[in-house]
Structure formats: C-alpha cells, structure tokens
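Enquirer: Here it is: the structure, laid out below.
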Amino acid sequence: MGGSAPTVNGADRWEVIDEGVPPMPLNTEQVQALIAQGRIGLTSRVRRPGEPQWGLTTARSEFGFGFPHMNFLGWKNAGKYAEANGVAAINPNFDRVVDLARKIANGPSASTYAFWFCAHVDWVPSPIARNAKLFKMWDGFWVAPLVESSNVRPGTWLNVYLVAFNFTNKAQQRTIRATDAPIPEEMKASLTFTLPPWRWTVQRVSIPATLAPGEHTVGFTTKTGTERAATAIAVGVLTLGTLVHVPGSAGFSLRYRILPPEIAKTVTDWENWGVQSAAHRFETANAVAIVDPRGNRIPKDTILERFRPYLTPSVILACLEDKEKGPQAAITGCFDDFIYDAFGIDRPEKAFTGP
C-alpha cells in the first residue's frame, strides 16, 4: 500500500485510522488486505466518509471476520493461561484467506476455539493450515509456531513460521532466542519482532538441516541458552510443542527429524511422482488452467509450481504409511487437498479449463 494513495470507488470508500497508519481512503477489499497482513490492528477504527463517529474495525460486519479471533482472552482466568490451542492458516492467496476467514467466522465452531486466524502471507510457497498452539512469551506477547514440515531432507531447511501477537496498548520489541540448533547469522534478525499495540506479524526462521540424520530439538525461549538448559532439567524431557514455563520466562521446543539419505531419496521420488500425476490429470482433461470460485484463471504451470512445496516430506511420509488408501491414491488425493486449501475448489475436475 506504499506510494500514492490508492484510487477507490466513490460508493465503496472507508477511512481507517490506527497507530502508525496514515489516514487514507480505501475500498473494502483494501481494508481487508491490511487486516489479513496484520498491518492494521485489533483496536483500529473505521468510518465511511462523512460519518461523524469512528467505530472499531472489528465491529464492522465487512471486516470483523478477517481479524485474528483470540477467544481465550475473554475467558475466565484468561490471565493465568500460558498456552492456548486453536486453528491457524497462512496462505499466499488473498482471496482464499478472505473466504476461509469468513467461512470459519460464520461456522458453528468459531467460538469454541481458544483462538483462530487466517493470514495472507504472499511470500509463503504454499498454504499451511494447522491445529496450532499459541504460547505466552512475555506479558501480552504471544507466539504461534507453524512448522512447514517436521521431517526434513539433509541439506535442506527446517522452516518455522513464527506468528507473533502484541496484546497490549504499548509497542513491543522482543527478541526470541533459539537454542540447540544451528541458526545462521542472517536468520537471527527474524527472531526480533517489533509490533505496535494490538498488532501481529508473521516471520520465518529457516534452520539448515546440517546435523546428522535422526531426531533433533530446536528451542525458542526468552532465556539464554545456559538458563534454558537448567530449566529443561527442571521440567523434564522436552517434546514437540512442549511449553517450558517458569516464573519470569517462557519458551517452547519443536522436535524434528533429519531423514537418512535413502529415505530422503524415496521422499523426493514420490514428490516427483505426485507432481507428474497432477500434470497427467490436466492432460487427461485437456486442460491448461484452473478457474477458481471468483473466476480467476490460474495456469497449469503455476498450479504445479505451487503444488510441489505442498508435498512436504511429512506429507509424503504420511501418504506412504497410509495402509487404507496406499501411497499412490493418498498422494493423488493430496492434489485435491491442495486445490481446496489454495483456491477453495472442492475437486479440480470441476474447475479445469481448456485453451
């Protein structure tokens, strides 16, 4: 949204104010885009031009569904929570983010989750939707880690998306310390977060898979490595998603596995097969593109390029272990899952289109 003020339709105009956001005329979709990217916060205000009063953006039906929903903050004894369980989705497709957020908000389970959010992250290679945990790191500063794949091939990367939230009335700058894993110097900046009040952001930390094949743990903590080691002894063995919490500190650990070379090769072979299988479905239908529910035409090559990172090692291994469907049927089904997650299409055959 940088540069000159955007041009908007006269009948669809809003004025938005929030800390650090200059007043500007926006249309509905532009406001939704700022919300989905975490660029305006939970205390932002909006009005139509000429309206005398500003109202909370979260209270407007046009926008409220798109914000992160932190239901647990309104629960009894919320101040005592150190973690919460919910649902998280990040997606490079803005239209899909809006549609998914609206669907969840209008669904029967929206108020039962401790939290849920749908974020537009245009640089993520493929959509990620997870049951997620949200951890309290400092007062009013929470982090939800989303792991791209807990199984990684040697020489690649363990990608962890850290979704950070500031639930206070003051700006916060916080630095999380990573332990027990080789963090490249250029990645350390991704562990520092600067957030205005009631705002959130997504940052990726990539850890090289250079250790020996086998299971490893990476910790994310508010403490130094030495202090954290003492904490680990006090609370016992850390496992995937475990919160380490003692007075004045917090953290979580993620357990991951670097695959042996022979298993890594098998995963790569099946990944290639999955992409080839998806390409064959286009050919069988004499299709060169897919049309999404909004009428956008997405070329075959773009679909296949985005499908490949969706087939993470963890996804492939789960398909190989699927005794009911078998590997081929399970991986073929992954393409249907991808088309739904990425574009909201129930089955690709319904959306294939010819030259």
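Enquirer: Give the longest segment of the chain that steers clear of trypsin sites (Lys or Arg not before Pro) in DSSP loops with at most 12 neighbouring Cβ atoms within 10 Å, not counting the sites themselves. Don't skip to the answer; put the middle values down first.
Expert: On the way: sites that count: Lys76, Lys170, Arg294, Lys323, Lys325.
In short, 171-293.
Enquirer: Right, something else. Helix-only estimate, please: 222 nm mean residue ellipticity of the chain, summing -39500 (n - 2.57) across DSSP H runs of length 4 or more and dividing by its residues, to the nearest 500.
Expert: Numbers: 7 runs with 92 residues, N = 355.
Computed ellipticity for the chain at 222 nm equals -8000 deg cm²/dmol.
Enquirer: Would you mind calculating the relative contact order of the chain from Cα pairs under 8 angstrom and at least 6 residues apart, reporting the percent as a whole number? Intermediate values should be presented prior to the final figure.
Expert: Values: 662 pairs, mean separation 45.7, N = 355.
Normalised by residue count, the contact order of the chain is 13 percent.
Enquirer: Then there's this: Per the Cauchy relation, a quarter of the hull surface: what is the mean projected area of the convex hull of the alpha carbons in the range 134-204, in nm²? Kindly include the intermediate steps, with their values, before the conclusion.
Expert: Details: hull surface 19.9 nm².
Dividing the Cα hull surface by four gives the mean projection, 5.0 nm².
Enquirer: Which lysines have a Cα less than 26 Å from the Cα of Lys188, not counting those fewer than 8 places away in the same chain?
Expert: Correct list for Lys188: Lys133, Lys136, Lys170, Lys223.
Enquirer: Under 14 Å Cα to Cα from Lys300, which aspartates and glutamates show up? Leave out anything in the same chain fewer than 8 places away.
Expert: Glu283, Asp292, Glu349
Enquirer: Non-local amide H neighbours of Ala132 (under 5 Å, H modeled in plane, Pro and chain starts lacking H): which ones?
Expert: Gly86, Val87, Ala88
Enquirer: Given labels modelled 7 Å from the Cα in the Cβ direction, how far is it in nm from Asn286 to Ala129?
Expert: A separation of 3.3 nm, rounded to one decimal place.
Enquirer: Shape of the range 5-121 from its Cα gyration tensor (a ≥ b ≥ c, root eigenvalues): rounded if a/c is under 1.5, otherwise prolate when a/b > b/c, or oblate? Kindly include the intermediate steps, with their values, before the conclusion.
Expert: Values: a/c = 2.15, a/b = 1.61, b/c = 1.33.
Judged from the Cα gyration tensor, the range 5-121 comes out prolate (a/c at least 1.5, a/b above b/c).
Enquirer: Residues of the chain: accessible area per residue at 1.4 Å, in Å²? Write down the numbers at each step before the final one.
Expert: Details: 16680 Å² over 355 residues.
Per-residue accessible area for the chain comes out at 47 Å².
Enquirer: How high is the relative contact order of the range 1-110, in percent, with contacts defined as C-alpha pairs under 8 Å that are six or more residues apart? Don't jump to the answer; show the numbers that get you there.
Expert: Values: 109 pairs, mean separation 21.0, N = 110.
Relative contact order comes out at 19 percent.
Enquirer: Now a separate question. Please work out, to two decimal places, the log10 of the ratio I(q)/I(0) at q = 0.25, 0.26, 0.31 Å⁻¹ from a Debye calculation in which every Cα of the range 259-314 carries one identical scatterer.
Expert: After summing over all Cα pairs, the log10 values are -0.98, -1.02, -1.21.
Enquirer: Can I ask one more? DSSP loop chymotrypsin sites (Phe, Trp or Tyr not before Pro) in the range 121-150 with at most 12 other Cβ atoms within 10 Å of their Cβ, which ones?
Expert: Working: sites: Trp123, Phe135, Trp138, Phe141, Trp142; in loops: Trp123.
Here the chymotrypsin sites (Phe, Trp or Tyr not before Pro) that fit, given the DSSP loop and packing criteria, are Trp123.
Enquirer: When you have a sec, figure out the Kirkwood radius of the range 76-197 from all distinct Cα pair distances and drop it here in Å to one decimal?
Expert: Details: mean 1/r = 0.0621 Å⁻¹.
Hydrodynamic radius (Kirkwood, Cα pairs) of the range 76-197 is 16.1 Å.
Enquirer: Starting from the coordinates of the alpha-carbon atoms of the chain, obtain the Kirkwood hydrodynamic radius over all distinct pairs and give the value in Å to one decimal. Walk me through the numbers before you get to the answer.
Expert: On the way: mean 1/r = 0.0452 Å⁻¹.
With all distinct Cα pairs of the chain included, I get 22.1 Å.
The values are calculated or read from the model by the stated rules, or taken from the named source; none is laboratory data. Bear in mind the structure is a predicted one, so any value in this text is a computation, not a measurement. Don't worry about glycine lacking a Cβ; one is built from the backbone with ideal geometry, like all the others, and counts go over all protein chains shown. For the accessible areas, the whole protein counts, side chains as well, though only heavy atoms, and no ligand, DNA or RNA atoms are used. Shrake-Rupley method; radii C 1.70, N 1.55, O 1.52, S 1.80 Å.
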